[in-house]
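**Student:** Right, I'll just put the structure down here and ask away after.
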Amino acid sequence: MMLKPSVGKMCVRIWLEVGHACEPRRSANGRALALDWRVWVRGVSGRDISGFVHKVVFYLRPASAFVYPKRVLQEPPYEVQESGCASIDIPIHVYLKYTTKPTRIRLRYNLQIENNTVISSESRCVYYDLKNPPEELCEALMSSGGEVVARAAKRLVVVLSDEERTTMKPKKYKFIEPMLCKHVPRRRARALDESCPKCGESITADLRKQLRATAMSEDEINCVSRLYLAYTSYEKSVDALVLPPLSDPIYRVPEIPAALRKALEAGDSDYPVL
């Protein structure tokens with residue numbers, strides 16, 4: 001049983017999938033004549049979005065290259081089929097139902113064509129947060145896979161696919177727990193600039209060596225070393241304060257002033273490039 005959120009005091013997040021597929025059109029002898037492609041907007045995981053989508057408008061550019069550069073689709077599948085061999089940008093407007101004034105989600109899909117002789121495809125998942133939707137629209141959104149979130153994002157958010165996430169470069173730095181001197185017991189408290197009585201080296205001397213292995217500069221190493229040693233020495237001291245848990249309200253981001261919120265909502269943001 002689906003619980004109905006209180007209308008007027010919440011934000012609903014909707015998910016869309018935007019993508020394309022290309023396939024070369026070949027002659028009888030196998031020669032590639034042109035590239036047939038299609039661009040679509042649909043629900044994620046096969047969900048039906050026609051319950052809240054009034055229409056989807058595709059703008060093919062340059063307009064002079066197409067007989068009908070503006071395509072309006074009021075029923076699924078929301079996709080356009082054409083042919084060509086050049087990369088183009090396609091603005092896409094997704095209009096929503098049950099609104100007093102036209103409400104649209106603006107996208108701009110970048111159709112990249114690098115080789116017109118091979119089959120290729122790509123898709124992206126995006127989500128859009130709609131604040132305080134009307135009751136009918138809210139029911140349509142929830143029945144099509146919408147989810148209630150605590151706070152609306154200011155812009156449309158693009159979510160990378162699994163393949164793109166695995167090909168992204170890892171972060172340059174990672175958290176490093178400094179290795180203690182082998183002569184120091186593990187349970188002993190670490191103090192700032194404390195030295196080992198046997199070898200005379202700093203108890204956390206290996207910290208700088210580890211940081212240097214991550215391609216940090218000397219200034220960064222000095223800063224991280226001072227901060228870490230100061231924190232650990234304070235953490236073990238008698239007068240150290242116990243920090244509240246992460247669930248404490250003190251960590252919540254403060255609300256934006258009403259005047260600034262109205263100014264942000266009134267602003268016209270750029271198209272997100274997909």
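The values are calculated or read from the model by the stated rules, or taken from the named source; none is laboratory data. Just so we're clear, the structure is a prediction, and the values are computed from it rather than from any experiment. All Cβ positions, even for glycine, are placed from backbone atoms using ideal geometry, and neighbour counts span all protein chains on display.
**Student:** Just checking, does region 43-54 include any residue being in a strand (DSSP E or B), out of contact with any helix residue (DSSP H, G or I) (no Cβ under 6 Å at 6 or more places or on another chain) and of a type in the set (Ser, Thr, Tyr)?
**Tutor:** Within region 43-54 (the criterion being in a strand (DSSP E or B), out of contact with any helix residue (DSSP H, G or I) (no Cβ under 6 Å at 6 or more places or on another chain) and of a type in the set (Ser, Thr, Tyr)), the answer is no, since none of the residues qualifies.
**Student:** Scan region 107-126 for residues that are touching a Leu at 6+ places or on another chain (Cβ under 8 Å) and either among the aliphatic types (A, V, I, L, M) or farther than 19 Å from residue 84 by Cα (or both) and jot them down.
**Tutor:** Scanning region 107-126 gives 107, 113, 124, 125, 126.
**Student:** State yes or no: is residue 14 modelled with pLDDT of 85 or more, under 25 Å from the mean Cα position of the chain (by Cα) and assigned to a loop (DSSP other than H, G, I, E, B)?
**Tutor:** No; evaluated as a whole, the condition is false for this residue.
Matching residues to (1) at pLDDT below 75; (2) loosely packed, with under 11 Cβ neighbours inside 10 Å; (3) touching a strand residue (DSSP E or B) at 6+ places or on another chain (Cβ under 7 Å):
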| site | (1), (2), (3) |
| --- | --- |
| 184 | yes, no, no |
| 192 | yes, no, no |
| 211 | yes, no, no |
| 227 | no, yes, no |
| 232 | yes, no, no |
| 238 | yes, yes, no |
| 251 | yes, yes, no |
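**Student:** Look at region 37-84 and say how many of its residues are at pLDDT below 95, among the aromatic types (Phe, Trp, Tyr) and surrounded by 17 or more Cβ atoms within 10 Å (Cβ to Cβ).
**Tutor:** Qualifying residue count, region 37-84: 1.
**Student:** Given 38, 47, 25, which one is within 19 Å of residue 146 (Cβ to Cβ) and among the charged types (D, E, K, R)?
**Tutor:** Values: 38 fails: within 19 Å of residue 146 (Cβ to Cβ); 25 fails: within 19 Å of residue 146 (Cβ to Cβ).
Only one candidate passes the filter, namely 47.
**Student:** Return the residues of region 213-225 that are at pLDDT 70 or above and of a type outside the set (Val, Ile, Thr); say none if nothing qualifies.
**Tutor:** Passing the criteria: 217, 218, 219, 220, 222, 223, 225.
**Student:** Continuing with the same structure: Evaluate region 111-125: report whether one residue or more is surrounded by fewer than 12 Cβ atoms within 10 Å (Cβ to Cβ), hydrophobic (A, V, I, L, M, F, W, C) and part of a loop (DSSP other than H, G, I, E, B).
**Tutor:** Checked region 111-125: at least one residue is surrounded by fewer than 12 Cβ atoms within 10 Å (Cβ to Cβ), hydrophobic (A, V, I, L, M, F, W, C) and part of a loop (DSSP other than H, G, I, E, B).
**Student:** Evaluate the following for residue 135: is it among the charged types (D, E, K, R), in contact (Cβ under 8 Å) with a residue 40 or more places away in the chain and surrounded by fewer than 12 Cβ atoms within 10 Å (Cβ to Cβ)?
**Tutor:** For residue 135, the condition - among the charged types (D, E, K, R), in contact (Cβ under 8 Å) with a residue 40 or more places away in the chain and surrounded by fewer than 12 Cβ atoms within 10 Å (Cβ to Cβ) - is met.
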